[in-house]
C-alpha cells in the first residue's frame with residue numbers, strides 16, 4: 001500500500017544541483033513544504049494543521065513535476081519510507097529514516113481514462129440450477145408424537 005499525504009502547499013523551492021559526498025555523482029533535488037490536511041476523528045471533517053509542515057525532497061526527473069503546482073494548492077503526495085544505517089563519530093550505529101516522494105497530484109484529481117477505448121462488454125450473469133419447490137410437509141419439521149393412551153406418571 002502506498003503512503004500518501006494530503007496538504008496545502010506552503011512553499012516550493014528551486015531545483016538544486018548537488019554532488020554526492022561519497023560517490024561524487026551529481027543529482028538534482030527540489031523541496032516542497034506542505035501544511036498537513038487531516039480529518040477530525042470525532043466529526044470526520046477535514047482540518048488543515050498549520051503546525052504540521054513537513055518538507056519533502058523530490059529527486060532527479062521528479063523535480064520537474066513540481067512545476068505544475070503553486071503555493072496554496074491542495075495536493076496529494078505519494079511517498080516511500082526509506083531507512084539506512086550509518087555510524088556516528090562515536091562509532092555507534094544508528095538509522096536515519098527519510099520520506100522519499102515519487103508522485104504529486106492535485107487533491108481531488110481522478111486519473112483520466114481515454115474515451116476512445118470502447119467499454120468492455122459485461123459478462124453474462126451466471127445461472128444456477130433451480131431446485132424443486134418444497135411441499136408443505138417438507139417445509140415443517142416433523143416431531144415424534146406421544147403414543148396414544150400414554151399416562152404421565154407425574155400427573156395425579
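When the residues of segment 27-50 are narrowed to those that are part of a loop (DSSP other than H, G, I, E, B) and under 21 Å from the mean Cα position of the chain (by Cα), which ends up surrounded by the most Cβ atoms within 10 Å (Cβ to Cβ)?
Residue satisfying both the conditions and the ranking: 49.
Out of segment 1-26, which residues are under 19 Å from the mean Cα position of the chain (by Cα) and modelled with pLDDT under 90?
Step one: list which residues in segment 1-26 are under 19 Å from the mean Cα position of the chain (by Cα), which gives 1-8.
1, 2, listed by residue number.
Just for segment 81-124: of the residues that are part of a loop (DSSP other than H, G, I, E, B) and at pLDDT 90 or above, which one is nearest to the chain's Cα centre (by Cα)?
Here the answer is 107.
The values are calculated or read from the model by the stated rules, or taken from the named source; none is laboratory data. Note that the coordinates shown come from a computational prediction; the quantities given were computed from them, not determined experimentally. Cβ sites come from the backbone with ideal geometry, for glycine too, and all protein chains shown count toward neighbours.
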